[in-house]
1. Name every residue in the stretch 36-77 that is out of contact with any His (no Cβ under 8 Å at 6 or more places or on another chain), aliphatic (A, V, I, L, M) and either under 16 Å from Glu25 (Cβ atoms) or surrounded by fewer than 18 Cβ atoms within 10 Å (Cβ to Cβ) (or both), in order of residue number.
2. Just for the stretch 1-38: of the residues that are closer than 15 Å to Ile58 by Cβ and part of a loop (DSSP other than H, G, I, E, B), which one is modelled with the lowest pLDDT?
3. Collect the residues in the stretch 78-87 that are more than 10 Å from the chain's Cα centre (by Cα) and on the phi < 0 side of the Ramachandran plot, keeping them in residue-number order.
4. Can you find even one residue in the stretch 39-48 that is modelled with pLDDT of 90 or more, among the β-branched types (Val, Ile, Thr) and touching a strand residue (DSSP E or B) at 6+ places or on another chain (Cβ under 8 Å)?
5. What's the number of the condition Val60 fails, among (1) in contact (Cβ under 8 Å) with a residue 40 or more places away in the chain; (2) part of a strand (DSSP E or B)?
6. Within the stretch 78-98, work out how many residues are modelled with pLDDT under 90 and not in a helix (DSSP H, G or I).
7. Write out, first by first residue and then by second, each pair whose Cβ atoms fall under 8 Å of each other, whose residues are 6+ apart or on separate chains, and whose first residue, in the stretch 69-98, is touching a residue at least 40 places away in the same chain (Cβ under 8 Å) and under 26 Å from Tyr10 (Cβ atoms) while the second is among the hydroxyl-bearing types (Ser, Thr, Tyr) and part of a helix (DSSP H, G or I).
Amino acid sequence: MELPDGSGTYVASEIALLRSFADLEIQPSPLEPADNEGDWLYRIIFNPSEKVTGAEEIVVSFHKDYIQINTEYYLPADGVSYESILEWAEGISEYFLK
């Protein structure tokens, strides 16, 4: 888990985090986001390469209007507020980083 200011923490074997992320209702988007890819608000790195050797690193970045997972873009499913997804990310980051 990481914030743009560089603060972060490693969370080992946090299955609840994986399950709650999997419950987010997002869908792939063919759109090219207007925001800069480096302009993220929250970031979660699953299997960080510096901690997990030989594992596939997955970077999930929460931006102002979209989610980026590695090089793919995602938007909320119909009827889902993106604000609720950002609230989820904020709550997760507050729990683990503070």
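The values are calculated or read from the model by the stated rules, or taken from the named source; none is laboratory data. Values in this document were obtained by computation on a predicted structure and should not be read as measured data. All Cβ positions, even for glycine, are placed from backbone atoms using ideal geometry, and neighbour counts span all protein chains on display.
1. Val52, Ala55, Ile58, Val59, Val60, Ile67, Ile69, Leu75, Ala77
2. Glu14
3. Those that are more than 10 Å from the chain's Cα centre (by Cα) and on the phi < 0 side of the Ramachandran plot: Asp78, Val80, Ser81, Tyr82, Glu83, Ser84, Glu87.
4. no
5. Here Val60 meets the rest and fails (1).
6. 1
7. So the pair list comes out as Trp88/Ser20; Ile92/Ser20.
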